[in-house]
Amino acid sequence: MATGTTPSSDRGVFTPGRAAITARHLRTDKWWLSPLVSAIALTIFVVYATWRAFANGDYYSAPYVSPLYSPCLASNCTDMNGGADWHIFGSWWGLSPALLVLVFPLGFRLTCYYYRKAYYRGFWLSPPACAVAEPHATYSGETRFPLILQNVHRYFFYLALVVAAILTYDVVLAFRDRDGNWGHAGLGTLVFVVNIALIWAYTLSCHSCRHIIGGKLRHFSAHPVRYRLWGWVGVLNGRHMLLAWSSLVSVGLADLYVYLVASGAFDDPRFF
Amino acid sequence: MTHTAHFRVWRGDADGGGLQDYDVEVNDGEVVLDIIHRLQATQAADLAVRWNCKAGKCGSCSAEVNGRPRLMCMTRMSVFQPEETVTVTPLRAFPVIRDLVTDVSFNYAKARQVPAFVPPKGVAAGEYRMQQVDVERSQEFRKCIECFLCQDTCHVVRDHEENKPAFAGPRFLMRIAELDMHPLDAAADQGLTRAASAQEDHGLGYCNITKCCTEVCPEHIKITDNALIPLKERAVDRKYDPLVWLGNKIRRREG
């Protein structure tokens, strides 16, 4: 029999009886690159979004409202000239109004099946990559609190539909000029149109959407319309990762655009 | 063209072992399994390896090549640089028997725990009729060749031996999804809710959908997107969706 060393641990791939290999993994490719990039990109967005959410300023420059601040539900919102500033929370709310609404898209993305993969791998290293041993001594997955709450994803999907509808309303309003006259568009309008297209594509590509629209059926032949819709959502669903990242970037850029215009860094170029 | 490749192959058994170095001839068009066979023929006559079809259809020659779970017969030598060391080990999630052969009986035990297809009442074998659109989702999962690479790479059991009793693994959760989506399966008539059972009895909640099973599947079955996530959503229907729960109480739902 061949000789070799005996692993020091007795867990996971080092469990007695399995092939005695001292290395936690034998991968020779850049397996660490993807989780590292995911973790860095998500961290950048979280830091940026946290700063902007708590900033409570420079989120409106007619006719544009930052997607992080819409709908604006507290009385301390800037007047938005026909926009989604519905002060249903009244004046008792003294913090940034963004905090009232960001919980919905945040919850949607936090429980998203793609983002779960990204942060389980990138942050929690569970696992860091395929066939690379994770560092944790025990693992219960999504069987217990709090991760069992990932099962509420579909409810955040419903709420995300409402948020996407409101953001669509904001995009329609972006076809006005600064004084509220219709039939105008600027660079910001284009940014908003691209952003809302990506948000809708990401929202509708959701796995819960795919299930609700038709995946739950056992007899597609009895539901031809839902079968057709399921097929379309399936096409989007195949690009869920791409849409998750591109919509995340577009939301950040749309907010950044509004911030730059509202803070006077530059004027919104008008097309017509 | 022929070149000499440097191989490291794990040799040993359950009591111990290690990686052994070999220099082996490689010819154009060959796969890793060809090289292992050449090793057997020229340098290591007692090297144990399980193989059968050499066509990626029997699922026998599963191993880990440079740390990645692969079928040796479907891993072309041309993907490696000539000077690159190629490391071949047995599957690291299962007990080793000898050299590259592992004991995969865990999977057969799990297979037996999944209740079989339940024929609809009054329909005899040979009388099953169903429309293609209804059955094609299940058919994707029937491509499985049971190579158990997905079971091997799944960190739930690979990194946590203690989870093996509770977790069926992606292959058998996919089997449950296949049956739950089958247009004629009548398990519900016998009181078996497969989706709820997947979570309660077969450990679906352990899956954190990190997609390694999909990455390694040699049949390119979208295990996570088409089986595990839909099964999770179906479990949510049964266990966490008050609207569906209420609907089921008011009237019987037949999708």
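The values are calculated or read from the model by the stated rules, or taken from the named source; none is laboratory data. Since this is a predicted model, take the numbers as computed values, not measurements. Because the Cβ atoms are built from the backbone with ideal geometry, glycine has one as well, and the counts that use them run over all protein chains shown.
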TODO: Could you please let me know if B:K164 is under 27 Å from A:V132 (Cβ atoms) and either surrounded by fewer than 23 Cβ atoms within 10 Å (Cβ to Cβ) or touching a helix residue (DSSP H, G or I) at 6+ places or on another chain (Cβ under 6 Å) (or both)?
DONE: yes
- [ ] State whether the residues of segment B:162-177 include one that is within 11 Å of another protein chain (Cβ to nearest Cβ), in contact (Cβ under 8 Å) with a residue 24 or more places away in the chain and under 17 Å from B:F141 (Cα atoms).
- [x] yes
TODO: State yes or no: is B:D180 crowded, with 21+ Cβ neighbours inside 10 Å and either touching a strand residue (DSSP E or B) at 6+ places or on another chain (Cβ under 9 Å) or closer than 20 Å to B:P90 by Cβ (or both)?
DONE: no
TODO: Could you identify the single residue in B:C61, B:C53, B:C73 that is within 19 Å of B:P218 (Cβ to Cβ) and surrounded by fewer than 17 Cβ atoms within 10 Å (Cβ to Cβ)?
DONE: B:C53
Task: Lone qualifier among B:R38, B:R92, B:R8, B:R76 - being over 26 Å from the mean Cα position of the chain (by Cα) and not assigned by TED's automatic domain parsing to the domain that holds B:H160 - done: B:R38
Task: Residues of segment B:17-33 satisfying the condition of being touching a helix residue (DSSP H, G or I) at 6+ places or on another chain (Cβ under 9 Å), more than 14 Å from every other protein chain (Cβ to nearest Cβ) and either in a strand (DSSP E or B) or over 22 Å from B:V96 (Cα atoms) (or both) - done: B:V24, B:E25, B:V26, B:N27, B:D28, B:G29, B:E30, B:V31
- [ ] Would you check if there is a residue in segment A:66-82 being aromatic (F, W, Y), surrounded by fewer than 22 Cβ atoms within 10 Å (Cβ to Cβ) and on the phi < 0 side of the Ramachandran plot?
- [x] no
Open item on the list: Restricting to segment A:197-210, and then to whatever is over 13 Å from the mean Cα position of the chain (by Cα) and buried (at least 20 other Cβ atoms within 10 Å of the Cβ), can you tell me which residue is farthest from A:P67 (Cα to Cα)?
Closed with: A:R210
- [ ] Go through segment B:58-113 and count every residue that is assigned to a helix (DSSP H, G or I) and in contact with a strand residue (DSSP E or B) (Cβ under 8 Å, 6 or more places away or on another chain).
- [x] 4
TODO: Select the helices (runs of 4 or more DSSP H) contained entirely in segment A:185-251, then report the ones holding at least 1 residues which are closer than 24 Å to B:E233 by Cα and basic (K, R).
DONE: A:207-210, A:224-237
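Yes/no matrix, rows are residues, columns are (1) touching a strand residue (DSSP E or B) at 6+ places or on another chain (Cβ under 7 Å); (2) free of Cβ contacts under 8 Å to residues at least 12 places away in the same chain; (3) not in a loop (DSSP other than H, G, I, E, B):
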{"site": "A:G82", "(1), (2), (3)": "no, no, no"}
{"site": "A:F108", "(1), (2), (3)": "no, no, yes"}
{"site": "A:L125", "(1), (2), (3)": "no, no, no"}
{"site": "A:T138", "(1), (2), (3)": "no, yes, no"}
{"site": "A:G141", "(1), (2), (3)": "no, yes, no"}
{"site": "A:R154", "(1), (2), (3)": "no, no, yes"}
{"site": "A:V163", "(1), (2), (3)": "no, no, yes"}
{"site": "A:V171", "(1), (2), (3)": "no, no, yes"}
Task: Residue count, segment B:201-218 (criterion: surrounded by fewer than 18 Cβ atoms within 10 Å (Cβ to Cβ) and either at the interface with chain A (Cβ under 9 Å from one of its Cβ atoms) or modelled with pLDDT under 95 (or both)) - done: 1
Task: Of all residues in segment A:32-65 being crowded, with 18+ Cβ neighbours inside 10 Å and within 13 Å of chain B (Cβ to nearest Cβ), the one that is nearest to the chain's Cα centre (by Cα) - done: A:S38
- [ ] State whether one or more residues within segment A:144-165 are surrounded by fewer than 22 Cβ atoms within 10 Å (Cβ to Cβ) and in contact with a Lys or Arg (Cβ under 8 Å, 6 or more places away or on another chain).
- [x] yes
Open item on the list: For segment A:252-269, check the following and say yes or no: at least one residue is farther than 30 Å from A:D58 by Cβ and modelled with pLDDT under 95.
Closed with: no
